[in-house]
Every structure is written in C-alpha cells, then in structure tokens.
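Encoded as structure tokens, the structure appears first; notes follow it.
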Amino acid sequence: MANTILVGAQWGDEGKGKIIDVLTEEADIVVRTQGGNNAGHTVFIAGQKYVLHLVPSGILRPGKTCVIGNGVVVDPVGLVAEIDGLQKLGVKVDGNLFLSETAHLVLPYHRELDAQREALKGKNKIGTTKRGIGPAYGDKAARTGLRVIDLVNAERFEELLRQRLRENNEVLKAFGAKPLSFKKVHADYRAAGDRLRPFVTNTVVLLHEATRRGDDILFEGAQGTFLDIDHGTYPFVTSSNTTAGGACTGSGVPPHRMDRVVGVMKAYTTRVGEGPLPTENAEIADLLHGLGREFGATTGRPRRCGWFDAVATRHATMVNGIDAFAVTNLDGLDTLETIKVCVAYRHGRDKFDYVPSDAATLAECKPVYAEFPGWRTPTTGAQRWKDLPVKARQYLKAICELSGAPLRVASVGPGREQTIML
Ligand code: IMP
C-alpha cells in the first residue's frame, strides 16, 4: 500500500474512521499525528459500534501496530478510559499500541480554560468540543506544556504540575472559576501515568525502523482541512495542522517517505461548531437529521449540513496534494430529486474558485450551483461500482473531477461491506 496520509477534505466528520478501517487492511502501522480526543472516529464491525477518540482506528484489526504520535495532545485519563472500553469489548490493546513520549498532555485546567474562554466570547465563540485542545496546544507553543515523558517520571511530574497548577489556578480565579485541587489532579494523572507507562516509547525511532523494514504506514488525520490552524477558516478552527504536512511534523516521518495522500469527503458538506459554511442549507439539514444522521460522535451536537462544496474540496486538493478521493455517505442523498453542487463563490462582483483567506469574506460568499439529477434509489446494498445507479456514478465522478483528483473509494453505509473500491 505504501505510506499513505489520510486527510479530511472538508470540515471534519467526513467518515475518516471507516475509510481508515478499510485501508488498514493493507497497512502494517496506523499513526495518529495531531488533534486529541476532540476527534471521534466511528467504525461499525459486524453490527458493533466503536467510537475512537485517541486510539488509532487500526486497533480494531488484529496484527496491526498503532501509534499515537508526538503531534497529538493526550488526555491521559481519557486515554485510559478508552483503552479500558476497548478491552471490555474484547479488543486487544497490549503490545500493539505505542504512545509518543513527546506528545503533550491535556490537563484539567486546559479543559476548564477552554470552557471559560468560550463562555467569555459569547456570540463570537468557536464552538469547541471543550476538550481543552486549544489551551493544550497553546501551552505547547508557549513552552509551558507537560509531556508524556514528564507524566511517567513521578518526581518531575509532581514538581511541574505544582508549578503549572499554581499559575493556571490564578488564571481560573480571574475568570471567576473554581481553582483545581493539586491533590486530585495529581492522583488522577499519576494513576493514568502508571497505566500508560508500558505503552510509552520513542515513536520517532519506532517509525523510522518500520520505514527501513519497508512497513506500510497509514497516517490517520483527524478533523478536516478547513479546521486546520493555518489553512482553515481561522479563528473557527482547531489548534493543530489537520492538513497533510501535519502527518510529518506530528510523527517525525520525513516528507520524502510519504507516497500518497487520500482525501476523504462526504457526498455533501457538514460542519460542527461556529464559522462560515457557504453551502449550508435547511432542506438538506432537515433531510439528514430526519434520517437520524449527522450528530457529532464526540459531543452529540447536530451537525450543520449543506450541499457539496467543490470550491472547498478543490482547495483541499491544493493544500494537501490529494492523489485520490474516498467519498462517504453517498446514501444520504438517495431520496433527492435534484442535488446541488457549489462550483464557485460569488462575493459582490468577485468570483472565487478557491476559499478566500478571510472567514468574514467567506461568510459573505454566495455559492454558484450546478444541479445534478438524483437517483432516487437506495444505494446501501451496492458492493461494486456497477451496482450503483448510473446517476449516482455520474454524481460521484463529477464531484471528484470538480475536486481535482480521481475517485478510489465510495462508501454507501457504515459497514465495512458497504464499501466500493475502484
Ligand atoms: P476544538 O478542536 O475542540 O478546539 O474545536 C475547534 C473547532 O473544531 C470546533 O468548531 C469543533 O466543532 C471542531 N472540531 C474539533 N474536532 C472535530 C472533529 O473531530 N470533527 C469535527 N469537528 C471538530
């Protein structure tokens, strides 16, 4: 399979968990390189639902090695709970999961600060997952973060936590929030540190040795292109590089070792949280929510929905170097008579065929639509390309062509078997 970076080509929630699970069959190692437990990757296997937040989806395939890379921010207590949950479901998490010693920690004050800052922003809030992701990456950039390597060194952790808690409790008090108890945080994190110690290693060396052996690595992106801290709709973004470059910095595997980039996109568009979404549309939101679809895997929030935005996905191809697309959720459109696709944005007298940098400008953009006839036939049973209605095939081909890379995978439902490989 070669080394593959998998990225979300929209605003996250593209169905990456399922595509990763399918592609993992051909990989030896699956690596998470950015984000934290703000991510929620859902995989269905034989009717059992698994939601993964920090552990790479490869854990569900026996014989695969999973790595949480240095670019991830890790809530150790959350990670232990996730491992316990997987083990309870009979999933082996022993000798097949490795955690980077240089990954940064999410601490309870990060979560509390995330909530306080959002509340203070009022109507200008980002709509974060409140998992403390922004404050944790903020500390990393400010060089005041704690890392996994600190967590597993009991003496050092105690000293650093005491220092950091002192300062952060002052900040929390300034917000009018309750300061955190050192004793409780220390006890919870020490216990988690003890549980995680066997998983902790130098994952840069591990991955380097794997590439030398010729192992195939799958880099599991979290969130999506337009939530990227540099290339997304700032400030309505997450705090990491969700685009392809993040796979290198977040793992220590150099760019020349990467062989291809697969972009995952839905057959329509969704977004959770605030920020511009040019093709947002009530008709499609009502349809999808009515079908019980498009509720967040991490927070349960209803996702905002819109028509497929080919301006955005073309931009994603440019920023990530996408070589091939996996299109998910085609079946969500099965009942529609006409399907719209945004092919350009209009802004006053200007026309954009890329996503403008300023979120305020993007929010004012009006989509220019092309229309496609719907197929009005269930697609969920399709297992081969020729099982799909002709109009569905035409739609899939058209959105990939407009997005600038060929279609390789089409998904018509959550199950592994509901996957069409081209
Ligand atoms: P944060 O990552 O929790 O700081 O949230 C920042 C923005 O990214 C918000 O709009 C979130 O809804 C969005 N976001 C974060 N993680 C995900 C994800 O895994 N899927 C979709 N949206 C996400």
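Here, each number is a calculation from the coordinates, and none is a lab measurement. As the structure is a prediction and not an experimental result, all values here were calculated from the model. A quick note on method: Cβ atoms are made from the backbone with ideal geometry, for glycine too, and the neighbour counts reach across all protein chains shown.
Over 29 Å apart: what share of the alpha carbon pairs of the chain falls there, rounded to a whole percent?
On the way: 39191 of 88831 pairs.
Beyond 29 Å sits 44 percent of the P(r) for the chain.
Take the alpha carbon atoms of the range 277-299, find their center, do the same for the range 170-231, and report the distance between the two centers in whole angstrom.
Between the Cα centre of the range 277-299 and that of the range 170-231, the gap is 30 Å.
What pairs from K16/K391; K121/K183; K16/K64; K340/K397 go past 22 Å between their alpha carbons?
Beyond 22 Å between Cα atoms: K16/K391; K121/K183.
In nm, to one decimal, how far is the W385 label point from the K49 one, both placed 7 Å along Cα→Cβ?
3.3 nm
Of R408, R212, R376, which has the largest mean-square fluctuation in a 10 Å C-alpha GNM of the chain?
Evaluated over the chain, the most mobile residue of the options is R212.
Tell me, what is the FRET efficiency for R416 and D215 to the nearest 0.05, using R0 = 22 angstrom and their Cβ-Cβ distance as r?
After rounding, the FRET efficiency stands at 0.45.
With just the Cα atoms of the range 104-196, tell me how far they stretch along each of the three principal axes, in Å, largest first.
So the extents along the principal axes, rounded to whole Å, are 42, 23, 21.
With each label point set 7 Å from Cα along the Cα-Cβ vector, what nm distance links E364 and R197?
Output for this residue pair reads 5.9 nm.
Working from Cα positions, state the angle (0 to 90°, nearest 10) between the long axis of helix 390-403 and the longest principal axis of the chain.
60 degrees
Return a whole-number percent for the relative contact order of the range 265-421, with Cα pairs under 8 Å and 6 or more residues apart as the contact set.
26 percent
What order do you get for 16-22, 386-392, 177-183 when each peptide is scored by the mean count of other beta carbon atoms within 10 Å, highest first?
16-22, 386-392, 177-183
How big is the dipole moment of the chain about its Cα centre under a simple scheme where the beta carbon of each Lys and Arg is +1, that of each Asp and Glu is -1, and everything else is neutral? Debye, nearest 20, please.
480 debye
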